1. Taking 7 Å along the Cα-to-C-beta vector as the label spot, tell me the R73-R85 distance in nanometres, rounded to one decimal.
2. I'd like the distance separating the alpha-carbon centroids of segment 144-194 and segment 101-124, in whole Å.
3. By the scheme Lys and Arg +1, Asp and Glu -1, what is the net charge of all other residues having a beta-carbon under 15 Å from that of Y20?
4. Residue-wise, which Karplus ³J(HN,Hα) couplings in Hz belong to segment 28-45, taking 6.51 cos²θ - 1.76 cosθ + 1.60, θ = phi - 60°, and x for glycine or proline?
5. So if R0 is 22 Å, what FRET efficiency would S164 and R104 give, r being the distance between their Cβ atoms, rounded to the nearest 0.05?
6. Tell me which label goes with the value of Kirkwood radius over Cα pairs in Å computed from the coordinates here: (1) 18.6; (2) 19.8; (3) 20.3.
7. Ranked by Cβ crowding within 10 angstrom, fewest neighbours first, how are L55, L233, L217 ordered?
8. With contacts defined as alpha carbon pairs under 8 Å and 6 or more residues apart, what's the relative contact order of segment 40-115 in percent?
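Bear in mind that the values in this text are calculations on the coordinates, not laboratory data. Note that this is a predicted model, so its numbers are computed, not measured. With ideal geometry, Cβ positions are generated from the backbone for all residues, glycine too; neighbour counts draw on all protein chains shown.
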Amino acid sequence: MAGYRDVAHDLRVAIARGDYPPGETIPTEVELSAQYGVNRTTARRAVALLRAEGLVAPVRRRGTVVRDRTPVRLSVARYSEVLARPGNRGPWETACEQQNVPPRTEIMSVGQRSADAHLAGQLNTPEGAPVVYRLQHMYAGEQVAQLQETWLPLALAEGTPLASTGKIVGGIYRALTSAGYPPASAEEFVTSRMPTFDEAETLSLDLGSPVLAIRRLTRGRDGQGLALTHAVLAGDRVELHYDQTFHQPAR
């Protein structure tokens, strides 16, 4: 009689072969039980193993779906590269399209908040000062691959697309430049951790699958904090690309 590892192996091979492409549902526990002559506990353990490997994820009202794991490569220079050429696409959309992955951005929340001590220190704004808060989900194909939160001082965002409830055409950096606050420098910090329950559910991840957490602080020419962004990305959907040119020392 087949064990759960045997069932998982066959499903893994079938997924790799393309029998179940991304977005397709795999057989149910009842169907697997009948196909392999095993009980539902064995079938459930096989599917759980594939979930832990990040190959499949449960989708409400559909079943267990094969995850699209086509990686999106994000260059460390993605923001400056977008600003350097004309267009209406932001960094995420540009990166996806360059790799033939359909992008989409969904605005989840836009509103005003009061800066706490930490946020005030990051943005060089008084504690309690109003800031614009934006939350959006970034899709790669049919799956959410990035959760992004951004805070901006209301003093510079008010009356611009940065404070609007709609999508910012061309990305935040282009909107900042148009508003008269061109970015001059940015610091980016990347860590890896396990997702929260809500993050795992939104990103279609198992709780044991890691995410990349990115914190990016952007400043203007005078050192003023323009934007603080926190992003959480599915670890198996994103590849961060860091390129460095080394100049030879003078002889």
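1. 1.4 nm
2. 8 Å
3. Every neighbour counted, the sum reads -1.
4. For segment 28-45, the Karplus curve yields 6, 4, 5, 5, 5, 4, 5, 5, 9, x, 10, 7, 5, 4, 5, 4, 5, 5 Hz.
5. 0.75
6. Given (1) 18.6; (2) 19.8; (3) 20.3, the structure-derived one carries the label (3).
7. L217, L55, L233
8. Answer for segment 40-115 is 17 percent.
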